[in-house]
Amino acid sequence: MNIKEEKSNLRKRADKVKGLRCKNLIVVLENPMNIMNIGSAIRNANALGAEKIYVVDSRKVLPESWEQMRDRRSLLKVSASAIKWSFVKTFPSTESCLAYLEKHKFVSVVTSPHTKGQRNVVLHQGRYTHKRLAVWFGSEAQGISDLAVENSDFCINIPMCGIIESMNLGTTTGVVLYEVTRQRREFVSRRKSAG
């Protein structure tokens with residue numbers, strides 16, 4: 001297959017999946033430390049149809065611009081090139097990301113294997129059909145920050161049934177985003193059928 005055919009096939013694939021994307025769904029990674037986990041989370045967000053990925057990167061793990069991220073070999077490899085097809089924006093602090101989301105009228109929800117905040121919801125019992133939704137995932141070592149919890153509507157818990165009480169960032173994003181995107185696509189489909 002020549003380059004022209006490859007580009008044509010990619011364009012067809014992009015057009016085909018465009019309608020399956022979950023509009024106004026943002027995945028927020030708060031101070032992740034491991035490039036492998038960041039790449040896995042980007043891959044999951046892209047594969048499951050999240051619209052954008054925001055990374056709170058106060059430690060400067062990632063390059064500042066999306067263009068530089070797209071060229072970073074480690075991200076390309078781990079994300080299975082999803083970094084090329086995903087919109088990724090970095091923020092220097094949790095405060096700046098929260099302010100940006102609030103300004104654009106996004107509802108934030110956080111994830112944690114532990115009970116946090118005023119309202120805690122088991123993953124499959126939550127409702128994720130908000131018009132604009134940002135789903136926050138904490139760092140590998142410290143989890144989600146108190147500031148993110150305080151500014152969220154609720155905390156999503158994945159039920160743990162083993163000795164280990166948490167999953168890594170890549171796994172957690174896949175599990176949580178599967179349920180969130182499933183509900184959002186079903187909601188849009190029902191609305192289209194009704195209207």
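The values are calculated or read from the model by the stated rules, or taken from the named source; none is laboratory data. None of the values given here were measured: they were computed from a predicted structure. Here the Cβ positions follow ideal geometry from the backbone for every residue, glycine too, while neighbour counts run over all protein chains shown.
Can you tell me which residue within the range 101-116, out of those that are surrounded by fewer than 22 Cβ atoms within 10 Å (Cβ to Cβ) and among the aliphatic types (A, V, I, L, M), is nearest to Asn31 (Cα to Cα)? Of everything passing the filter in the range 101-116, Leu101 is nearest to Asn31 (Cα to Cα). Scanning the range 76-97 for residues that are over 14 Å from Val55 (Cβ atoms) and at pLDDT 95 or above turns up just one, Glu95.
Scanning the range 80-108 for residues that are touching a Leu at 6+ places or on another chain (Cβ under 7 Å), under 19 Å from Val176 (Cβ atoms) and part of a strand (DSSP E or B) yields Val107, Ser108.
When Arg73 is tested against (1) surrounded by 13 or more Cβ atoms within 10 Å (Cβ to Cβ); (2) at pLDDT below 95; (3) farther than 25 Å from Ser145 by Cα, exactly one condition is not met: (1).
Looking for something modelled with pLDDT of 95 or more and in contact with a His (Cβ under 8 Å, 6 or more places away or on another chain) - is there at least one such residue anywhere in the range 125-134? Yes, there is a match, as at least one residue in the range 125-134 is modelled with pLDDT of 95 or more and in contact with a His (Cβ under 8 Å, 6 or more places away or on another chain).
Scanning the range 99-126 for residues that are touching a helix residue (DSSP H, G or I) at 6+ places or on another chain (Cβ under 7 Å) and charged (D, E, K, R) yields a single hit, Lys116. Return yes or no: is Arg119 at pLDDT 85 or above, among the charged types (D, E, K, R) and surrounded by fewer than 19 Cβ atoms within 10 Å (Cβ to Cβ)? Here the answer is yes, as Arg119 does meet what is asked.
Among residues that are buried (at least 21 other Cβ atoms within 10 Å of the Cβ) and of a type outside the set (Gly, Ala, Ser), Met36 is not included.
Tell me the residue from Ile158, Ile144 that is of a type in the set (A, V, I, L, M) and under 15 Å from the mean Cα position of the chain (by Cα), please.
Answer to the selection: Ile144.
Under the condition of being under 9 Å from the mean Cα position of the chain (by Cα), more than 14 Å from Arg182 (Cα to Cα) and part of a strand (DSSP E or B), the residues counted in the range 19-50 number 4. Do we find a residue being surrounded by 21 or more Cβ atoms within 10 Å (Cβ to Cβ), over 17 Å from Thr173 (Cβ atoms), of a type outside the set (Val, Ile, Thr) and under 17 Å from the mean Cα position of the chain (by Cα) anywhere in the range 77-97? No, the range 77-97 has no match at all.
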